[in-house]
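Engineer: A single structure is presented below for examination.
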Amino acid sequence: MRSISIFLLAVLLVLGSSFTTLASFTDIQSNWAREAIINLDERGMLDPIITSNDNFLPNDNITREEAIEVASRVFELSPTDKQNLYTWLDHFLPMDENADYAGDYLTRGELTGLIAKLLGLTDSHVTPENLYPTFIDVDKDHPAYMHIELVNSLGILPSYIINRFEPSRLVTRAEAAHLLDSAMQLNSIEGKIADFHHNSNRILVETLDAETVSLPLQADTLVFRNGMSSNIEQLETGDSLFAIYDTNNQLKFVNVVKESELNTAAILKEISNIAQNLTQYISPDEILALVQGDWSKLNDGLRSELFNQLIDLGLTPWEADSILSRDWEALQDLGLDRLAYEASDFLGLTPELVFSIVERDWEKALEYAQVELAQRLLTGGFSF
């Protein structure tokens, strides 16, 4: 009888402790995010931040301060990192006039951006521009587009968020708990690909601590190469890698970088950006006129901008007008030497190259341009 009593007492103690855990909040028993809430609470992530008289209030909205306080515990942020997170969030998304910001509540877009930043996704410099948007209300121009797409690829968004994301909708406490708990279950790894077993779709990663980790690739693993969307076939031994995987060691996100490819890709992308920016202000005929040195064909707005730039260089108004009119004889007081040195300093080019352009000696200009380009590539000083 005594042994039975001891056994019953032990059972009651175990059950009692379980009931205590489940009853830490009295209003979450039937909530969809119950397990995430309990898990965070058991780890001491919630108390006393968002508890209210033994109630979690899962359908209430969560404030920015509450979310960041819980996130700082989940990701073990230092006081400085936590303060930086406040600053980053303040500038992340512009205020939506249709959203209810009373009480400084957090929106879905902001929370997703917060999760992406804390997981290191924003440090990967990836550009999911060539991915088809998942949600009909978040296009590629939305400031949180990248964050939402990347977090969605990790499979941690609530399952009921399907076609519409509603980035300006206020986050509930249950949604915040689900996302933060799900993010806590993920791991990140950084290092180099030591080997790629194509037959088994596994990569061996040599970490920064010189440890080797074997991770399987899945068909739905989101892969980026040098910041651009790619696929697992493009992974190579020796690639620098940043990846996120779950508790089952399943890779969710991979970004690999090869320095030589990255430099070329960055240059080409910058050239493309410059060309796109030019076409917003200058017509193709005007670009051709600039190349040919025929500034008379430029529109008034562009001529005015060039005129102001020349004034900023220290030229007088009549000198600037003479240059735009290509009236070189009128520039005797200025002198081509002064013009070339001022222009070379402003443009970051050698005086010899500028002299050749002013004199329209295109053969020499090409020669000097080739030398200049080679020097910049060798010294890493190539910029636009």
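The values are calculated or read from the model by the stated rules, or taken from the named source; none is laboratory data. A quick note: this is a predicted structure, and the numbers were derived from the prediction, not measured. Here Cβ is always computed from backbone atoms with ideal geometry, including for glycine, and neighbour counts include all displayed protein chains.
Engineer: Suppose the filter is outside any loop (DSSP other than H, G, I, E, B) and modelled with pLDDT of 95 or more; does Leu179 pass it? It would help to see each step written out before you state the result.
Structural biologist: Values: outside any loop (DSSP other than H, G, I, E, B): yes; modelled with pLDDT of 95 or more: yes.
Answer is yes for this residue.
Engineer: Quick check on the stretch 39-59: of everything there that is more than 30 Å from the chain's Cα centre (by Cα) and part of a helix (DSSP H, G or I), which residue is nearest to Glu175 (Cα to Cα)?
Structural biologist: If we take residues in the stretch 39-59 being more than 30 Å from the chain's Cα centre (by Cα) and part of a helix (DSSP H, G or I), then Asp41 is nearest to Glu175 (Cα to Cα).
Engineer: Looking at the stretch 183-210, I want the residues that are closer than 28 Å to Phe75 by Cα and have a partner that is loosely packed, with under 15 Cβ neighbours inside 10 Å and hydrophobic (A, V, I, L, M, F, W, C) with Cβ atoms under 7 Å, at least 6 apart or on another chain. Which pairs are those?
Structural biologist: Glu190/Leu208; Gly191/Leu208
Engineer: Please enumerate the residues belonging to the stretch 120-133 that are surrounded by fewer than 21 Cβ atoms within 10 Å (Cβ to Cβ) and either in the same structural domain as Ile244 (by TED's automatic domain parsing) or part of a loop (DSSP other than H, G, I, E, B) (or both).
Structural biologist: Gly120, His125, Leu131, Tyr132, Pro133 - these are the residues of the stretch 120-133 that are surrounded by fewer than 21 Cβ atoms within 10 Å (Cβ to Cβ) and either in the same structural domain as Ile244 (by TED's automatic domain parsing) or part of a loop (DSSP other than H, G, I, E, B) (or both).
Engineer: Return the residues of the stretch 143-158 that are more than 17 Å from Leu186 (Cβ to Cβ) and out of contact with any Phe, Trp or Tyr (no Cβ under 8 Å at 6 or more places or on another chain); say none if nothing qualifies. Quick ask: steps written out before the conclusion?
Structural biologist: Let us first name the residues in the stretch 143-158 that are more than 17 Å from Leu186 (Cβ to Cβ), namely 143-146.
Of everything in the stretch 143-158, those that are more than 17 Å from Leu186 (Cβ to Cβ) and out of contact with any Phe, Trp or Tyr (no Cβ under 8 Å at 6 or more places or on another chain) turn out to be Tyr145, Met146.
Engineer: Restricting attention to the stretch 211-246, report how many residues are touching a residue at least 40 places away in the same chain (Cβ under 8 Å) and more than 24 Å from Thr127 (Cα to Cα).
Structural biologist: Looking only at that region, the number is 0.
Engineer: Moving on to the next point. Tally the residues that are at negative phi, part of a loop (DSSP other than H, G, I, E, B) and surrounded by 12 or more Cβ atoms within 10 Å (Cβ to Cβ), restricting the search to the stretch 199-217.
Structural biologist: 1
Engineer: Follow-up question, since we're still on this one. List the number of the failed condition for Ile136; all other conditions in (1) at pLDDT below 90; (2) loosely packed, with under 15 Cβ neighbours inside 10 Å hold.
Structural biologist: (1)
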